[in-house]
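One structure is given here, and the rest of the page talks about it.
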Amino acid sequence: MAGKRTTVGTRKRSPAKRVAVKRAPAKRAAVKHAPAQPAAGHRARSLARRLALQALYQMQLNPRSWSDTQKQFAADPEADRVDLDYFRTLLKAIAANRETLDSRLARLCEIPPPELDPIEHAVLWLGVHELESCPELPYRVALAEAVQLAKQFGATDGHKFVNAVLDRAARELRPHEYGRN
């Protein structure tokens with residue numbers, strides 16, 4: 001067998017012996033980057049929610065039209081992995097219905113919507129929108145996705161608040177589904 005003998009991974013067998021491990025020479029292959037394929041499935045939807053959260057956050061801090069914000073985020077190189085149709089749908093629907101979503105949030109939580117942290121506010125918009133407008137999406141998935149986003153981007157215990165508010169929303173918006181185990 002051809003190849004170099006090196007002592008890469010050695011372990012002691014006894015105080016006097018060390019065993020040499022045979023290591024194959026490294027092969028250098030040219031890395032070819034395939035053109036980006038449109039993403040599909042669960043992961044792409046999760047990434048669409050994440051991108052929508054970032055866009056909604058930006059829209060709160062720097063008000064501009066949802067279409068300009070959507071174009072900016074869709075042009076990002078990372079957007080290749082995202083379900084862009086779902087991202088556009090979320091952003092368009094939430095941007096158009098922010099006041100309605102805020103009035104629902106005002107009934108569901110003890111903090112008035114204008115006083116919410118921008119991240120938790122955007123996560124709650126996403127969660128309430130999906131509970132209201134996406135009946136094909138199980139409420140547990142909507143809650144889990146929102147809580148995960150709040151854990152990733154929100155304040156230390158913000159996910160607990162998001163979970164409590166969206167749990168109340170699920171009870172109100174999906175009573176037929178909420179009671180099932």
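None of the figures in this text is laboratory data; all of them are computed from the coordinates on show. Here the structure is a predicted model, which is why all the values come from computation and not from measurement. Methodologically, a virtual Cβ is constructed for each residue, glycine included, from the backbone with ideal geometry; neighbour enumeration extends over all protein chains shown.
Full extension of the segment from Asp85 to Asp167, taken as 0.36 nm per residue of separation minus the current Cα-Cα distance, would add 26.8 nm. Each residue, Glu177 and His42, gets one label point 7 Å from its Cα in the Cβ direction; the gap between the two is 1.6 nm. Taking all C-alpha pairs of the range 42-178, those more than 23 Å from each other amount to 26 percent.
Near Phe161, once Lys and Arg are set to +1 and Asp and Glu to -1 for all other residues with Cβ below 15 Å from its Cβ, the sum equals -3.
Projecting label points 7 angstrom from Cα along Cα→Cβ for Glu136 and Arg64 puts them 3.2 nm apart.
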